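**Q** My questions will all concern the structure given below.
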């Protein structure tokens, strides 16, 4: 018999992943061109040419034993310094290699930090809608995820409810901006006010409350909107980053943690984070990809395709009568369901539309539509959305 904890996780397997697998089955049955799978946030824009060029050059010219061998658990020092230098150029910080830990994606970074921080019964707060795996991650270290209800329609964090939710067991707050699934970008004013709440509550309870910023979508912001650098607002901030979206490398599982020296117990946290990755079995981030991203640290994915898809999908759905949140970032459209959420998702599936229910993100009454697909998929899907709208009386 497997562990009780894993029994629960197995029974509650990710709705998104399950829908992705169902989409493949439907495509085999009805033809890929007749199935409109908007379930998974899998980038549809190719990686910059520099990424493959760097990988080829590294494989051809760098020493094999060094390239494929072990290094410090935190990652190659020169790679960490390259990441630090890039952040310093962009955000006016003064990080060094000691402030960067290379990770197996942002998810690996989140798990490392939660492993470092949590004792059984500790609480981690996040804001709905939130990435579905946060609860699993926190529960895996015997913590409790406390969810602040969605602040509709802005989807900016409700700070009064945050203040009320903080207790002596609160160890950390997770924020995700640009947000999956709403596409909201938390404003500088919101983050400054949040920092004030956390500073006040840290003093009240006599212990630091850490802010964990989950930032895989940081580079995916549109219309000139700036994504604030959160450590500028609050000293006890840790940043989890991934190149999965910004360089279209989700399968390579490469990212980093920023652990600023300004944090309380910074040196202890940095040391513990290096050990946590080893204890959890990561040991270190993939060596080849570390060296690749060091060369490509300032490369950018062309966002024009995502911006065009955003407008194409938003305009098409609103013309049909759907109510949508216009996203400032990421590559998801959060659409209000005109009927019961479960019924709407089921009706959509009858039209071969695969949409992720908002309840998966603790925000029922919405569906998430990933527009990181080809524009042809969006255009071909519009008759299905139109038929669905007619069927439910929009």
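**Q** If we scan the stretch 370-383, do we find a residue that is on the phi > 0 side of the Ramachandran plot and at pLDDT 95 or above?
**A** Taking every residue of the stretch 370-383 in turn, none turns out to be on the phi > 0 side of the Ramachandran plot and at pLDDT 95 or above.
**Q** Just a yes or no: is a residue in the stretch 285-293 part of a loop (DSSP other than H, G, I, E, B) and surrounded by fewer than 19 Cβ atoms within 10 Å (Cβ to Cβ)?
**A** Yes, some residue in the stretch 285-293 is part of a loop (DSSP other than H, G, I, E, B) and surrounded by fewer than 19 Cβ atoms within 10 Å (Cβ to Cβ).
**Q** Next question, about the same structure. Only one of these conditions is not met by residue 154: (1) buried (at least 21 other Cβ atoms within 10 Å of the Cβ); (2) closer than 30 Å to residue 335 by Cβ. Which number is it?
**A** (1)
**Q** Would you tally the residues in the stretch 249-261 being surrounded by 20 or more Cβ atoms within 10 Å (Cβ to Cβ) and farther than 26 Å from residue 272 by Cα?
**A** Residues meeting the conditions: 1.
**Q** Yes or no: residue 86 surrounded by fewer than 22 Cβ atoms within 10 Å (Cβ to Cβ) and part of a loop (DSSP other than H, G, I, E, B)?
**A** In short, no.
**Q** Restricting attention to the stretch 181-213, which residues are closer than 30 Å to residue 369 by Cβ and in contact (Cβ under 8 Å) with a residue 40 or more places away in the chain?
**A** 181, 182, 183, 184, 185, 186, 187, 188, 191, 194, 212
**Q** Would you check if residue 364 is part of a loop (DSSP other than H, G, I, E, B), buried (at least 22 other Cβ atoms within 10 Å of the Cβ) and either touching a helix residue (DSSP H, G or I) at 6+ places or on another chain (Cβ under 8 Å) or at pLDDT below 95 (or both)?
**A** So residue 364 fails the test.
**Q** Taking the stretch 295-319 as the search range and keeping residues that are more than 19 Å from residue 250 (Cβ to Cβ) and crowded, with 21+ Cβ neighbours inside 10 Å, which one is nearest to the chain's Cα centre (by Cα)?
**A** 310
**Q** Quick one: which of 124, 83, 104 is under 25 Å from residue 229 (Cβ atoms) and under 15 Å from the mean Cα position of the chain (by Cα)?
**A** Every option except 104 fails the conditions.
**Q** Considering each of 216, 168, 178 in turn, give the residue that is free of Cβ contacts under 8 Å to residues at least 40 places away in the same chain and part of a loop (DSSP other than H, G, I, E, B).
**A** After ruling out the rest, the residue left standing is 168.
**Q** Kindly evaluate residue 273 against the criterion of being in a helix (DSSP H, G or I), outside the structural domain of residue 85 (by TED's automatic domain parsing) and modelled with pLDDT of 95 or more.
**A** Criteria not met by residue 273.
**Q** May I pose another question? Counting only residues that are at negative phi and outside any helix (DSSP H, G or I), how many does the stretch 29-78 have?
**A** 23
**Q** Residue 109 passes all but one of (1) over 21 Å from the mean Cα position of the chain (by Cα); (2) at pLDDT 95 or above; which number fails?
**A** Against the list (1) over 21 Å from the mean Cα position of the chain (by Cα); (2) at pLDDT 95 or above, residue 109 comes up short only on (1).
**Q** Would you pick out the residues in the stretch 367-381 that are within 23 Å of residue 150 (Cβ to Cβ) and either assigned to a strand (DSSP E or B) or in contact with a helix residue (DSSP H, G or I) (Cβ under 6 Å, 6 or more places away or on another chain) (or both)?
**A** 367, 368, 369, 370, 371
**Q** Does any residue of the stretch 317-339 turn out to be out of contact with any strand residue (DSSP E or B) (no Cβ under 9 Å at 6 or more places or on another chain), free of Cβ contacts under 8 Å to residues at least 12 places away in the same chain and in a helix (DSSP H, G or I)?
**A** Within the stretch 317-339 (the criterion being out of contact with any strand residue (DSSP E or B) (no Cβ under 9 Å at 6 or more places or on another chain), free of Cβ contacts under 8 Å to residues at least 12 places away in the same chain and in a helix (DSSP H, G or I)), the answer is yes, since at least one residue qualifies.
**Q** Has the stretch 252-266 got any residue that is closer than 30 Å to residue 65 by Cα, assigned by TED's automatic domain parsing to the domain that holds residue 217 and more than 19 Å from the chain's Cα centre (by Cα)?
**A** no
**Q** If residue 169 satisfies every condition in (1) over 18 Å from residue 135 (Cβ atoms); (2) surrounded by fewer than 17 Cβ atoms within 10 Å (Cβ to Cβ) but one, which is the exception?
**A** (1)
The values are calculated or read from the model by the stated rules, or taken from the named source; none is laboratory data. Worth saying up front: this structure is predicted, and the values here are computed from it rather than measured. All Cβ positions, glycine included, derive from the backbone under ideal geometry; neighbour counts span all protein chains shown.
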